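Worksheet: one structure, shown below.
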Amino acid sequence: MTDEVPKGSEPETSESLKAFGEVVKVLRKRAGLTQEQFAPLVGYSVPMVASIEQGRRLPSKGFVDRAEEVLDAFGVIRAAAKHLTRKAGLAKWFEGWAELEPLAVTLYTFEPRLAPGLLQTTAYARTLFEKQLPAMSDDKMESSLVARMERTRILTEHPETIFSFVIEEHALRRQVATPEIMREQIDHIIELSSRRNVDIQIMPQSRGHHAGLDGPLCLLETEENAWYAYSEGQGTGQLISDPKVVSILQQRYARMRTQALSPEESVSLLREIRGAL
């Protein structure tokens, strides 16, 4: 799903963010590192490091882990991160779902608009952020891009989780980016489809009515066998836990999987789409 941050939807900085930033800054200085020296060691830009230290951006898990290691922080940074109250780069209404994603043992996604967020390349996602309205600041764009790419790591870091994606054919034929970026995006989807735990199916344009016409949806199952759903619209998102509603959405997704092309047929169509770019 998409997770862009509409203007005004991101909360103001919190005391926990400021405190975390101070902890990082003190430990960085103790290590004798400037922001310019520290930034490449943790794999982030200098402006992003500055924003985190000033309490204006919530650090990703990757930043926390790398800062902990680089600064030899004796667990202090990880401990401080447990008390953070904001997720940078994610819309507030998306945060609940984003927190559930890493806990999933099964995750299903139907996307009729764009390449699903979990399957997006950096270049494809950056293009979407660059063209978003209202326009995003460079700082917020980088924060959102980091958050998007951090989410995609679940596909490789959770090899036992079962992922299923059903994507409308026209969502990949629509050239929302340059042909080069679109070819890279489709190549990436094809590559991910070769993973044992990832099924990618294309809903062909030739399919008339199908069970997903009400819009995009996601479903996931936790280790406790609890199921949740997520539905998204323009500037809004709804996390659904009502078992009756989730059951209906499960039925729709199951029907969509029978109506879409098989994974093998889908790869053939993806190659056809790529060749036409």
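The values are calculated or read from the model by the stated rules, or taken from the named source; none is laboratory data. These numbers come from a predicted model, not from an experiment. Note that each Cβ is placed from the backbone with ideal geometry, even for glycine, and that neighbours are counted across all protein chains shown. Remember, those area values only see protein heavy atoms, side chains included, never the ligands or the DNA or RNA. Shrake-Rupley method; radii C 1.70, N 1.55, O 1.52, S 1.80 Å.
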Looking only at segment 100-113, and only at residues there that are open to solvent by 10 Å² or more (accessible area, probe 1.4 Å) and over 13 Å from the mean Cα position of the chain (by Cα), the one that is nearest to SER144 (Cα to Cα): ARG113
Verdict on ARG252 being in a helix (DSSP H, G or I), open to solvent by 80 Å² or more (accessible area, probe 1.4 Å) and in contact with an Asp or Glu (Cβ under 8 Å, 6 or more places away or on another chain): yes
Residue in segment 182-196 that is under 17 Å from PRO216 (Cβ atoms) and either at pLDDT 95 or above or within 13 Å of the chain's Cα centre (by Cα) (or both) present: yes
Test: residue in segment 126-145 that is open to solvent by less than 40 Å² (accessible area, probe 1.4 Å), small (Gly, Ala, Ser) and farther than 22 Å from GLU99 by Cα: no
Counted residues, segment 186-236 - those being closer than 24 Å to PRO159 by Cβ and either touching a Lys or Arg at 6+ places or on another chain (Cβ under 9 Å) or of a type in the set (Asp, Glu) (or both): 9
Positions within segment 155-172 being surrounded by 15 or more Cβ atoms within 10 Å (Cβ to Cβ) and either in contact with an Asp or Glu (Cβ under 6 Å, 6 or more places away or on another chain) or modelled with pLDDT of 90 or more (or both), in sequence order: LEU155, THR161, ILE162, PHE163, SER164, PHE165, VAL166, ILE167, GLU168, GLU169, ALA171, LEU172
Qualifying residue in segment 118-139 (condition: under 12 Å from the mean Cα position of the chain (by Cα), closer than 21 Å to TYR228 by Cα and not hydroxyl-bearing (Ser, Thr, Tyr)): yes
Qualifying positions in segment 255-267 - in a helix (DSSP H, G or I) and surrounded by 12 or more Cβ atoms within 10 Å (Cβ to Cβ): ARG255, MET256, ARG257, GLN259, PRO263, GLU265, SER266, VAL267
Failed item in (1) more than 30 Å from LYS131 (Cα to Cα); (2) in a helix (DSSP H, G or I); (3) polar (S, T, N, Q), with ASN225 passing the rest: (2)
Meets criteria (under 14 Å from SER164 (Cβ atoms) and in contact (Cβ under 8 Å) with a residue 24 or more places away in the chain) for ARG252: yes
Matching option when the condition is in a loop (DSSP other than H, G, I, E, B), out of contact with any Leu (no Cβ under 9 Å at 6 or more places or on another chain) and touching a residue at least 12 places away in the same chain (Cβ under 8 Å), among GLY215, GLY237: GLY215
Tally, over segment 48-59, of residues that are open to solvent by less than 20 Å² (accessible area, probe 1.4 Å) and farther than 11 Å from LEU84 by Cβ: 5
Residue match in segment 71-94 (condition: open to solvent by less than 60 Å² (accessible area, probe 1.4 Å), aromatic (Phe, Trp, Tyr) and modelled with pLDDT under 80): yes
Of all residues in segment 39-68 being basic (Lys, Arg) and under 22 Å from LYS92 (Cβ atoms), the one that is nearest to the chain's Cα centre (by Cα): LYS61
Segment 192-237, subset surrounded by 18 or more Cβ atoms within 10 Å (Cβ to Cβ) and β-branched (Val, Ile, Thr), residue nearest to ILE162 (Cα to Cα): VAL198
Among residues of segment 181-230, those that are more than 14 Å from LEU107 (Cα to Cα) and among the hydroxyl-bearing types (Ser, Thr, Tyr), counted: 3
